[in-house]
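Data block below; observations after.
Please treat every number below as a calculation from the coordinates, not as lab data. Model, not experiment: these values are computed from the prediction. Note that each Cβ is placed from the backbone with ideal geometry, even for glycine, and that neighbours are counted across all protein chains shown.
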Amino acid sequence: MALIVQKYGGSSVGSIERIERVAQKAIATREAGHDVVVVVSAMKGETDRLMELARGAAQKQNPPPRELDLLLSTGEQATIALLTMVLQRMGHSARCYTGAQVRILTDNAFTKARILDIDAEPIDEDLKVGRIVVVAGFQGVDENGSITTLGRGGSDTTAVALAAALNADECQIYTDVDGVYTTDPRVVPKARRLERITFEEMLELASLGSKVLQIRAVEFAGKYHVPLRVLSTFEEGPGTLITYEDEDMEEPLISGIAFNRDEAKLSILGVPDKPGIAAHILGPVSNANIEVDMIVQNISNEGLTDFTFTVHKNDYEKAMGILEKTAKELGAREVFGDTKIVKLSLVGVGMRSHAGVASTMFSALANEGINIQMISTSEIKISTVIDDKYLELGVRALHSAFGLDAEEGAQVKVEGETVD
């Protein structure tokens, strides 16, 4: 007998009929002899509806975070009650819990709280007597008893954290896709579902724009050795297993191609090339709680240099205002920005042992007339910034260049060597 934690997102529980489908999957797992804990999100669209109500009540002001969390948490509470009612109607013993009732203890950073501890004893007791346990995702409680929420996609994190606390054998993330693909199938119809991917690769893909899993959930799973599997609520299939590298298996050169349309680029030209200039430019941006992604500083020319960085598109106007002020302080020659860019990235642990990946990537883009504006690399990732109008062309070109749309076992030529 195994202990399985299953998580179902908003589209999976968007109606009573879909909740009944979720109940049937949980029952099938229980009847196969496994203990089952189900974590659910709010019904599709419910969190947005509650957010609009909060904005209306606040009259164009920011809703108070503590009260906002209290309001938003009711979406998941409705789902757990409905699912438990359905399970009981279908003849199975079930009990539901809010995040506070399980005591998913978090810090008090309302709207983006982090989990500190979980009291798994009530769930353990229910599992011992054969109950299916249903838990509200996305929410917890701080040490003062105030309800907190974990941020968008926080139900994934709830599921992984519960799986870790309960020493579950697997955490299954059910969604509207049947696994992790080499890239977005809507952009490349030949994209393939991966049977397996490492935590490290999945973390990179999630951070680079893949929307399959929340980054914090992948981090949590990797830290606490929780095997993750991405599955479809609506189709049968093995899904994609996210786990650690297996030394006995040959790792693929490239596992996936990610892209992010939410990037904006800012440049400041002609600033003094001296120690501390990067801190002088980026310090005020960071102090404004704006996250900087890619950074490029040109070589010095007559004591001056140019500095370029990217931020989330939503932060562009705010960051530009800060940069213009900094430019006056430094006597910079010019400040300009660009919101019509995308970040396009290759991810694969196979990069560690194969040379020539960057050259193949750059050649594939050049052959399509796509200019690269910025480059960033890590041990298993290469990211580029390109014009947004070339996004789909670039993804398709790279997908083909690295053989990702070929059958498993096909060979890909990379910088003079054949990679199986």
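Structure notes:
- Label-point gap, in nm, between Lys328 and Ser232 - each point 7 angstrom along Cα→Cβ: 5.7 nm
- Value of relative contact order over segment 3-176, rounded to a whole percent, pairs C-alpha under 8 Å and six or more apart: 30 percent
- Estimated FRET transfer efficiency when R0 is 51 angstrom, pair Arg352-Gln59 (beta carbons, to 0.05): 0.40
- Placed amide H near Arg196: partners under 5 Å, 5+ positions off or other chain: Leu241
- Simple spin-label estimate for Asn298 and Ser286 gives 2.5 nm between the two label positions (7 Å along the Cα-to-Cβ direction from each Cα).
- DSSP bridge pairs, the chain: antiparallel proportion in percent, nearest 5: 65 percent
- A dipole drawn for the chain from +1 and -1 charges on Cβ atoms has a positive end, and of Phe110, His312, Gly56 the residue lying farthest that way is Gly56.
- With the charge dipole of the chain set up from +1 on Lys and Arg Cβ and -1 on Asp and Glu Cβ about the Cα centre, the Cα lying farthest toward the positive end among the listed residues Ser363, Ser11, Pro275 is that of Ser11.
- Radius 11 Å from Cβ of Leu203, net charge of other residues (Lys, Arg +1; Asp, Glu -1): -1
- With the simple spin-label model, which puts each label point 7 Å out from Cα in the Cβ direction, the Asn314 to Met51 separation comes to 0.7 nm.
- Spatial separation of Cα centroids for segment 347-365 and segment 133-178, in angstrom: 36 Å
- Antiparallel DSSP beta bridges within segment 3-176, percent to nearest 5: 25 percent
- Highest-MSF residue in the chain out of Lys313, Lys389, Lys274 [GNM, Cα springs under 10 Å]: Lys274
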